[in-house]
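Engineer: Before anything else, here's the structure in question.
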Amino acid sequence: MSERLNGHTLLVSLIATPIRHSLSPTMWNEAFAKNGMDYAYLAFEVGNEQLADAVQGIRALKIQGSNVSMPNKQAILPLLDELSPAAKLVGAVNTVVNKNESGHLIGHVTDGTGAMRALQAEGIDIKGQIVTLTGCGGAGTAIAIQAALDGVKELRIFNRDDEFYANGEETVRKILEDTDAKVTISPLEDQEAFKKSLAESSIYIDATSAGMKPQEDVSLITDPAVIRPDLAIMDVVYAPAETKLLKFARENGATVAFNGLQMMLYQGAEAFKLITGEEMPVDYIKSVLF
Ligand code: NAD
């Protein structure tokens with residue numbers, strides 16, 4: 001790395017807190033080195049209080065672009081100059097592009113496109129399919145919006161009766177207003193409706209934090225009868241690598257069941273393309289990260 005850095009090196013940042021655990025710096029810097037690009041990627045521990053200064057810093061220092069993670073994904077919206085259509089619909093940004101270094105900052109969201117590419121990498125196309133989705137927080141919203149934009153036939157969202165439910169209702173309203181997709185939201189507590197939806201779906205996406213620390217012992221699917229060889233299952237959680245849901249799916253005969261590592265990789269690849277204009281060498285990065 002030290003051999004690569006010089007007076008011309010361009011910077012891409014990541015602003016979030018906590019952030020020291022993130023795989024993104026490794027992913028981006030390995031990709032820059034592999035592509036022979038004169039760039040560096042650094043993580044900055046920035047919360048909402050310092051966010052306006054950090055965004056001004058992106059402009060002042062001509063940082064090429066930035067990834068944005070919690071707790072800044074929504075808070076950054078009013079600080080930017082322009083939003084992509086998906087970012088506007090989702091109401092969150094995970095990628096900022098400093099267009100032509102002019103200080104004109106455009107916010108994008110690549111979690112949804114990253115999830116669609118992860119499914120494609122497993123041979124699954126969402127187009128024309130019936131999909132059951134649990135979760136309507138940040139990840140669930142981005143996935144729901146992108147699935148609708150990409151031509152899902154029917155999207156059935158389930159969320160437990162918590163503070164995120166109203167957000168899910170708002171997402172349904174936006175999707176119905178702006179796309180042709182058929183979409184519904186129902187309480188996860190209605191287990192019969194959830195099981196019926198899974199029985200009629202070809203894809204199940206779990207976009208909740210169930211399965212992730214401190215909820216390692218939680219799987220939203222507990223009935224082996226709903227696991228079928230032709231039901232593809234994607235869990236957005238990737239630590240632990242095998243969540244309780246994925247273990248349950250494997251033990252009960254699921255043929256395609258995978259974690260959120262690919263979504264993480266492809267949301268990064270989409271951001272990489274937006275900020276640098278180049279393709280991330282995803283196969284190489286997979287060999288480094290997975
Ligand atoms: P969030 O806090 O915005 O939303 C959390 C969601 O999980 C809500 O819908 C909530 O109702 C639901 N939930 C939590 N615990 C639950 C439980 N026990 N039962 C039912 N529902 C439950 O979080 P987020 O930003 O949407 O992230 C959700 C998960 O997705 C996290 O684990 C995060 O690490 C992961 N994620 C992965 C990627 C990736 O690239 N793979 C990207 C973004 C988020």
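Every number in this text was worked out from the coordinates using simple rules, so none of it is lab data. Remember, predicted model here, so these are calculated numbers, not experimental data. FYI the Cβ positions are ideal-geometry reconstructions off the backbone, even for glycines, and counts take in every protein chain you see.
Engineer: Please work out which one of (1) more than 18 Å from the chain's Cα centre (by Cα); (2) over 23 Å from residue 93 (Cβ atoms); (3) exposed (fewer than 14 other Cβ atoms within 10 Å of the Cβ); (4) within 13 Å of the ligand (Cβ to nearest atom) is the condition residue 244 fails and give its number.
Structural biologist: Against the list (1) more than 18 Å from the chain's Cα centre (by Cα); (2) over 23 Å from residue 93 (Cβ atoms); (3) exposed (fewer than 14 other Cβ atoms within 10 Å of the Cβ); (4) within 13 Å of the ligand (Cβ to nearest atom), residue 244 comes up short only on (3).
Engineer: Another one. Going by the structure shown, is residue 115 part of a loop (DSSP other than H, G, I, E, B) and either surrounded by 17 or more Cβ atoms within 10 Å (Cβ to Cβ) or within 16 Å of the ligand (Cβ to nearest atom) (or both)?
Structural biologist: On the way: part of a loop (DSSP other than H, G, I, E, B): no; either surrounded by 17 or more Cβ atoms within 10 Å (Cβ to Cβ) or within 16 Å of the ligand (Cβ to nearest atom) (or both): yes.
Answer is no for this residue.
Engineer: Can you tell me which condition residue 136 does not meet? The list is (1) without any contact (Cβ under 8 Å) to a residue 24 or more places away in the chain; (2) part of a loop (DSSP other than H, G, I, E, B), and all the others hold.
Structural biologist: (1)
Engineer: Got at least one residue in segment 260-273 being in a helix (DSSP H, G or I) and away from the ligand (no atom under 12 Å from the Cβ)?
Structural biologist: As a first pass, look at segment 260-273 and keep what is in a helix (DSSP H, G or I): 261-273.
Of the ones still in play, those that are also away from the ligand (no atom under 12 Å from the Cβ) are 272-273.
Yes, segment 260-273 contains at least one residue that is in a helix (DSSP H, G or I) and away from the ligand (no atom under 12 Å from the Cβ).
Engineer: Please identify the pairs in which a residue from segment 109-123 that is at negative phi has its Cβ atom under 8 Å from the Cβ atom of a residue that is of a type in the set (Ser, Thr, Tyr) and more than 10 Å from the ligand (Cβ to nearest atom), counting only partners at least 6 apart or on another chain.
Structural biologist: 109/84; 109/95; 110/95
Engineer: If you go through segment 231-245 one residue at a time, how many are touching a residue at least 24 places away in the same chain (Cβ under 8 Å) and not in a strand (DSSP E or B)?
Structural biologist: Here the count works out to 9.
Engineer: Let me ask another. Just one of the numbered conditions (1) within 16 Å of the ligand (Cβ to nearest atom); (2) surrounded by fewer than 17 Cβ atoms within 10 Å (Cβ to Cβ); (3) of a type in the set (Val, Ile, Thr) is not true of residue 255; which one?
Structural biologist: Residue 255 satisfies every listed condition except (1).
Engineer: Out of all the residues in segment 66-100, which are hydrophobic (A, V, I, L, M, F, W, C) and within 16 Å of the ligand (Cβ to nearest atom)?
Structural biologist: Passing the criteria: 68, 70, 75, 76, 77, 86, 87, 89, 90, 92, 93.
Engineer: Sticking with this structure for a sec: On the given criteria, is residue 208 touching a strand residue (DSSP E or B) at 6+ places or on another chain (Cβ under 8 Å), assigned to a loop (DSSP other than H, G, I, E, B) and either near the ligand (Cβ under 10 Å from one of its atoms) or among the polar types (S, T, N, Q) (or both)?
Structural biologist: On the way: touching a strand residue (DSSP E or B) at 6+ places or on another chain (Cβ under 8 Å): yes; assigned to a loop (DSSP other than H, G, I, E, B): yes; either near the ligand (Cβ under 10 Å from one of its atoms) or among the polar types (S, T, N, Q) (or both): yes.
Judged against the criteria, residue 208 is a match.
Engineer: Report, by residue number, each residue of segment 91-104 that is under 14 Å from residue 75 (Cβ atoms) and among the aliphatic types (A, V, I, L, M).
Structural biologist: Hits for segment 91-104 are 92, 93, 96.
Engineer: Right, something else. Scanning segment 139-170 for residues that are free of Cβ contacts under 8 Å to residues at least 12 places away in the same chain and part of a helix (DSSP H, G or I), which turns out surrounded by the fewest Cβ atoms within 10 Å (Cβ to Cβ)?
Structural biologist: So the first thing to find is which residues in segment 139-170 are free of Cβ contacts under 8 Å to residues at least 12 places away in the same chain, and the list is 162-163, 166, 170.
Now narrow it down to the ones that are part of a helix (DSSP H, G or I): 166, 170.
Numbers: 166: 12, 170: 14.
Out of the qualifying residues, it is 166.
Engineer: Which condition from (1) of a type outside the set (A, V, I, L, M); (2) touching a Gly at 6+ places or on another chain (Cβ under 7 Å); (3) within 20 Å of residue 131 (Cβ to Cβ) is the one that residue 260 breaks?
Structural biologist: Checking residue 260 against (1) of a type outside the set (A, V, I, L, M); (2) touching a Gly at 6+ places or on another chain (Cβ under 7 Å); (3) within 20 Å of residue 131 (Cβ to Cβ), the one that fails is (2).
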